[in-house]
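Worksheet for the structure shown next.
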Amino acid sequence: MIYDISPSLGPDVAVWPGDTPLARRLACDLARGDRTTLSSLNATSHLGAHADAPSHFDLHGRPIDEQPLHLYLGTCRVIHVSVPAGGRVMPEMLEGALGAARVLLATGTYPDSTRFNRDFAGLSPDLVDDLHRRGVRLIGIDTPSVDPFDDDEHVAHHRCAAHDIAILEGLCLQDVPEGNYELIALPLKLVGFDASPVRAVLRTLI
Ligand SMILES: [Zn+2]
């Protein structure tokens, strides 16, 4: 069974305030008599479900095309956490063994991908340190950022960079039961980019 954990990328998909929304331009259109339909897209690279590159917050960090692909492929654990709106997921909110080097956190604090609510939850730096100690190489979250909206220091992003932990943001996890899955969420090979949209899916383990 496959869970699609990516939001639809339509003109109404919300982006960070001030960032570039998705726009599609039709160069040719069968419906108006052209021989093909051919379109271009313009949008932030942090669109919908996306992978942040280390270069997003670190001048010397790797761009997205240089990220090792194995980070985005393989066994992951989905965990539903109870965290207040605008808060941070703390280490004590995660119980039990992970059994995976990738963790996806369902906070439920960003429920509608077409409406940008600013009171979504992020990660505590202590949680990032703790997951690193437990062998985690990728953290995914169902919010637009691993840091809360008002955190201009981006402490969780910097802790992830310090540990070389990959980041997925903007996932849709509300319908996924807790458990272990195979994650497939490859970023595009966008040379020099600070992020890439991903088509993130989970496959049930056999
Ligand atoms: Zn980010």
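The values are calculated or read from the model by the stated rules, or taken from the named source; none is laboratory data. Keep in mind that what you see is a predicted model, and the values were worked out from it rather than measured. Please note: Cβ atoms are built from the backbone with ideal geometry, for glycine as well, and neighbour counts cover all protein chains shown. Surface accessibility is based on the protein's heavy atoms, side chains included, excluding ligands, DNA and RNA. Shrake-Rupley method; radii C 1.70, N 1.55, O 1.52, S 1.80 Å.
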Note: ASP29 to ARG62 extended length (0.36 nm per residue) minus current alpha-carbon separation gives 8.0 nm
Probe 1.4 Å, protein heavy atoms only - accessible area per residue of the chain in square angstrom: 50 Å²
Please find, in a Gaussian network model of the chain (springs between Cα atoms separated by less than 10 Å), the residue of ARG24, ARG137, ARG159 whose mean-square fluctuation is greatest. ARG24
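Sorted by packing (mean other beta-carbon atoms within 10 Å per residue), highest first, where do 96-108, 121-133 land?
Numbers: 96-108: 19.0, 121-133: 20.8.
For the peptides 96-108, 121-133, the packing ranking is 121-133, 96-108.
All other residues with a Cβ under 10 Å from the Cβ of ALA101 taken together, and with Lys, Arg as +1 and Asp, Glu as -1, what is their net charge?
Working: positive: ARG77, ARG102, ARG134, ARG137; negative: none.
That works out to +4.
Any idea what the relative contact order of the stretch 70-206 is, in percent, if you count C-alpha pairs under 8 Å spaced at least 6 apart? Display every interim value, and only then the final one.
Working: 272 pairs, mean separation 38.0, N = 137.
Reported relative contact order: 28 percent.
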Using Cα pairs under 8 angstrom and six or more residues apart, how large is the relative contact order of the stretch 11-136, in percent? 21 percent
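What FRET efficiency, computed as 1/(1 + (r/R0)^6) with R0 = 22 Å and r the Cβ-Cβ distance, is obtained for ARG134 and HIS70, rounded to the nearest 0.05? Walk me through the numbers on the way to the answer.
On the way: r = 18 Å, r/R0 = 0.82.
Computed FRET efficiency for ARG134 and HIS70 comes out at 0.75.
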May I have the convex hull volume per residue, in Å³, for the Cα set of the chain? 135 Å³
Please check: in the Gaussian network model of the chain (C-alpha springs, under 10 Å), which one of SER40, SER113, SER196 has the largest mean-square fluctuation. SER40
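Accessible area of the stretch 89-206 with a 1.4 Å probe: how many percent of it is carbon plus sulfur?
Carbon plus sulfur share of accessible area: 51 percent.
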